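Asker: This is the structure I want to talk about, given as structure tokens.
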Amino acid sequence: MNSLTPFPGGPKSNEVVAFQRPELGVIMSLYGRMVAAGEWRDYGISTLRDVAVFSVFQRTAEHPLYRIEKRPKLRNKQGEYAIFSADGQVLKRGHDLKTVLRVLERKLIRAVK
């Protein structure tokens, strides 16, 4: 085995997908506005091997209202960001996180009315 070949169990095998600080800033900005409007109350973050998930809850002990997912493997296809509703329906998918989150910002405009 040469020095360029990764070996099983090496540092690359334990890496997980996570949201970066700028991505979390965009998500938390929307989250704060939705909390202030009384729409959201809690969140959870999961980091797995293939996906990072930001789940939004109306109450702590229930299923998430929305899941914001980051899948880097889909970066060159349909976009690495996606928003899923509580029933698993894809609400928006794309390459730019701010653009994808607009589907949830529309719900904030309705909540303020």
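Asker: Give 52, 37 a once-over and let me know the one that is of a type in the set (A, V, I, L, M), surrounded by 12 or more Cβ atoms within 10 Å (Cβ to Cβ) and at pLDDT below 90.
Answerer: Every option except 37 fails the conditions.
Asker: Does any residue of the stretch 60-82 turn out to be in contact with a Ser or Thr (Cβ under 7 Å, 6 or more places away or on another chain), under 19 Å from residue 106 (Cα atoms) and in a loop (DSSP other than H, G, I, E, B)?
Answerer: yes
Asker: For the stretch 88-106: of the residues being among the charged types (D, E, K, R) and at pLDDT below 90, which is surrounded by the fewest Cβ atoms within 10 Å (Cβ to Cβ)?
Answerer: So in the stretch 88-106, the residues among the charged types (D, E, K, R) come out as 92-93, 96, 98, 102, 105-106.
Adding the requirement that they be at pLDDT below 90 leaves 105-106.
On the way: 105: 12, 106: 9.
Restricting to residues being among the charged types (D, E, K, R) and at pLDDT below 90, the top hit is 106.
Asker: State the number of residues belonging to the stretch 15-27 that are loosely packed, with under 14 Cβ neighbours inside 10 Å and in a helix (DSSP H, G or I).
Answerer: 3
Rundown of residues vs (1) surrounded by 12 or more Cβ atoms within 10 Å (Cβ to Cβ); (2) of a type in the set (D, E, K, R); (3) at pLDDT 90 or above, yes/no style:
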site	(1), (2), (3)
32	no, no, yes
45	yes, no, yes
59	no, yes, no
65	yes, no, yes
69	yes, yes, yes
75	yes, yes, no
108	yes, no, no
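Asker: Which pairs turn up if I take residues in the stretch 26-55 that are on the phi < 0 side of the Ramachandran plot and look for partners that are of a type in the set (Asp, Glu) and in a strand (DSSP E or B) with beta carbon separation below 6 Å, at least 6 apart in sequence or on another chain?
Answerer: 51/69; 53/69
The values are calculated or read from the model by the stated rules, or taken from the named source; none is laboratory data. Just so it is clear, the model here is predicted, and its values are computed rather than measured. Don't worry about glycine lacking a Cβ; one is built from the backbone with ideal geometry, like all the others, and counts go over all protein chains shown.
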